[in-house]
1. Taking the criterion of being touching a residue at least 60 places away in the same chain (Cβ under 8 Å), farther than 18 Å from Glu176 by Cβ, open to solvent by less than 30 Å² (accessible area, probe 1.4 Å) and among the basic types (Lys, Arg), would at least one residue in region 79-95 satisfy it?
2. Has region 61-83 got any residue that is modelled with pLDDT of 85 or more, in contact with a strand residue (DSSP E or B) (Cβ under 7 Å, 6 or more places away or on another chain), farther than 13 Å from Met130 by Cα and not in a strand (DSSP E or B)?
3. In region 125-172, what residues are without any contact (Cβ under 8 Å) to a residue 60 or more places away in the chain and among the hydroxyl-bearing types (Ser, Thr, Tyr)?
4. Would you point out which residue out of Ser186, Ser194, Ser151, Ser136 is of a type in the set (Ser, Thr, Tyr) and closer than 27 Å to Gln52 by Cα?
5. Where in region 92-186 are there strands (runs of 3 or more DSSP E), lying fully within it, with 3 or more residues that are more than 15 Å from the chain's Cα centre (by Cα) and more than 20 Å from Leu47 (Cα to Cα)?
6. Just for region 122-152: of the residues that are open to solvent by less than 10 Å² (accessible area, probe 1.4 Å), in contact with a helix residue (DSSP H, G or I) (Cβ under 7 Å, 6 or more places away or on another chain) and not aliphatic (A, V, I, L, M), which one is farthest from Lys108 (Cα to Cα)?
7. Can you spot a residue in region 39-55 that is modelled with pLDDT of 90 or more, among the polar types (S, T, N, Q) and assigned to a strand (DSSP E or B)?
Amino acid sequence: FSLAVAAAVLALYLDGRWWSVADVMKTSNPSRVGLVTVQSVGERVVLFLLSQFIFGILERPLESELAFSLHPAGELGKITWSNGEAVGFYTVKRKGSLCDSFTSQSYKLPVLDTLFVRRHWRRRGFALEMLEDFCSSFGKEEALGISNPISPSMYEVCRKYLLTHQKQRDRLYEVEAPGGWGERRSVWLQIQLSHIPKNSKEQALSLEVSKGEVNATEDLKEEIGASDPTAEQLSEGVGASVCDTQKTGHKRRGTAAGGAQTSKQAKTSN
């Protein structure tokens, strides 16, 4: 979809009826609490809207060139649900998966590619929670990557995480695809040397992390409930006709929290 058309999105035609974007972001399914792996068609629609519409159109500066690429169906993605609403997501490039459709190169390690938290839900520890989940999900891997460039806000998330998880300091790297040893930089070392990019308006929007989060464990525990229906009803037949639709685009890789960033074509924010 073009950016001009995307700015006029009013509703989505899904499963035989029209839904507002706000309704699609909600669920009454009690099992959707905390981080949930994207599996159903409905969850794919929610992931699409979070990355392409909410971040791509509503929550990034008009002058910004940052955008998320569409996430392939086979790519690992998790959505964070709180109080019955989708509040953010992250996606991962699996070890061994192709870097893109134009090369035969594959990733040498799991890479946190995109991470985003909706503006209203920032400063509540969700980006920290997603980073911790990513690291624990690949506990047997010697090294883990975060797509270059990492935003200042995402570096702050990493700093807070590594301060309380010392054993992870030798595992996290900022990487360029495909993530060979010559394409990695230690995240902890960059933090210690203060080799962290300075904030800009664009990056600050992308990833705002609570400066008061000192105890990672406590900050990650949010009270979660359930609210109005919707996403689960989208799991069956989605003929997504978008009423005045939305954008897609390549992302410049990197990782931002808030709209946390990610792979080389796009960027994320918290």
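The values are calculated or read from the model by the stated rules, or taken from the named source; none is laboratory data. These numbers were taken from a predicted model, which means no experiment stands behind them. Neighbour counts run over all protein chains shown; Cβ positions are idealised from the backbone, glycine included. Ligands, DNA and RNA are excluded from the accessible area calculation, which covers all protein heavy atoms including side chains. Shrake-Rupley method; radii C 1.70, N 1.55, O 1.52, S 1.80 Å.
1. First, pick out the residues of region 79-95 that are touching a residue at least 60 places away in the same chain (Cβ under 8 Å): 81-86, 88, 90-91, 93.
Subset that is farther than 18 Å from Glu176 by Cβ: 81-86, 88, 90.
Now drop any that are not open to solvent by less than 30 Å² (accessible area, probe 1.4 Å), which leaves 81-82, 84, 86, 88, 90.
If we keep only those that are among the basic types (Lys, Arg) as well, we get none.
Taking every residue of region 79-95 in turn, none turns out to be touching a residue at least 60 places away in the same chain (Cβ under 8 Å), farther than 18 Å from Glu176 by Cβ, open to solvent by less than 30 Å² (accessible area, probe 1.4 Å) and among the basic types (Lys, Arg).
2. There is at least one residue in region 61-83 that is modelled with pLDDT of 85 or more, in contact with a strand residue (DSSP E or B) (Cβ under 7 Å, 6 or more places away or on another chain), farther than 13 Å from Met130 by Cα and not in a strand (DSSP E or B).
3. Ser136, Ser137, Tyr155, Tyr161, Thr164
4. Values: Ser186 fails: closer than 27 Å to Gln52 by Cα; Ser194 fails: closer than 27 Å to Gln52 by Cα; Ser136 fails: closer than 27 Å to Gln52 by Cα.
Just one listed residue meets the conditions, Ser151.
5. Numbers: elements: 111-117, 144-147, 172-175, 184-186.
Of the strands (runs of 3 or more DSSP E) lying wholly inside region 92-186, those with at least 3 residues that are more than 15 Å from the chain's Cα centre (by Cα) and more than 20 Å from Leu47 (Cα to Cα) span 172-175, 184-186.
6. Gly125
7. no
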